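S.K.: I'd like to ask you about the structure that follows.
Where a number appears in this text, it was derived from the coordinates with a stated rule and is not lab data. Keep in mind the model is a prediction, meaning the values are calculated, not measured. A quick note on method: Cβ atoms are made from the backbone with ideal geometry, for glycine too, and the neighbour counts reach across all protein chains shown.
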Amino acid sequence: MRRQFELMGEDDKFLQKQPLEWENVAEDNIKRIVIHDFPVPDGYNIEKVALNIRVEPTYPDTQLDMVYFFPTLSRSDGKPIKAITDDQFDGKIWQRWSRHRTNQNPWRPGIDNLETHLILISEWLRLELQK
């Protein structure tokens, strides 16, 4: 597994405790955390997916935002998933989900981190199936 950049201490500790394989990949000066075999709720075309999260240079003062999946997800019921687009990274085409925090759930510097963002991603996956 590639470790091409340093993670913030709490993010590194969190990932070290996870049973999933993960990588830190930097490409064209863009840093991303890639998590493999992330479980996907029933209702999608696959059970596990790789996901990546872009880490901006000003993180953790600025938020982690959106999520990128490989391979692409689709709903088992055939309903379309909105606000998605393709994103080239690491020699693959990833499916970018344009999902963001809201005024009711803003990024909280010093509190939010990779762990809370992954909780939010799991919620996005669950909520998508209710649309």
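S.K.: So who's got an amide H within less than 5 Å of the one on Gln63, skipping anything under 5 residues away but keeping other chains? H placed 1.01 Å off N, in plane.
M.R.: Correct list: empty.
S.K.: Which whole-number percentage describes the relative contact order of the chain, with Cα contacts under 8 Å and a sequence gap of 6 or more? Before the final figure, lay out each step's value.
M.R.: Details: 202 pairs, mean separation 24.9, N = 131.
So the answer I get is 19 percent.
S.K.: OK, next. Pairs Lys92/Lys131; Lys31/Lys82; Lys48/Lys79: which exceed 24 Å Cα-Cα?
M.R.: Details: Lys92/Lys131 28 Å; Lys31/Lys82 26 Å; Lys48/Lys79 19 Å.
Check vs 24 Å cut-off fails for Lys92/Lys131; Lys31/Lys82.
S.K.: Between Asp90 and Ile111, what length comes free when the chain is fully extended (0.36 nm per residue of separation minus the Cα-Cα distance, one decimal in nm)?
M.R.: Between Asp90 and Ile111, full extension yields 4.6 nm more.
S.K.: Looking at the chain from every direction and averaging, what is the projected area of its Cα convex hull in nm²?
M.R.: Values: hull surface 32.5 nm².
Computed as one quarter of the Cα hull surface, the answer is 8.1 nm².
S.K.: Roughly what angle does helix 114-128 make with the longest principal axis of the chain, taking Cα atoms, 0 to 90 degrees, to the nearest 10?
M.R.: 10
S.K.: What FRET efficiency comes out for Met8 versus Asp77 if R0 is 41 angstrom and r is the Cβ-Cβ distance? Round to the nearest 0.05.
M.R.: Numbers: r = 38 Å, r/R0 = 0.94.
E between Met8 and Asp77, to the nearest 0.05, is 0.60.
S.K.: Contour minus end-to-end for Lys131 and His100, with contour as 0.36 nm per residue of separation and end-to-end as the Cα-Cα distance?
M.R.: 9.5 nm
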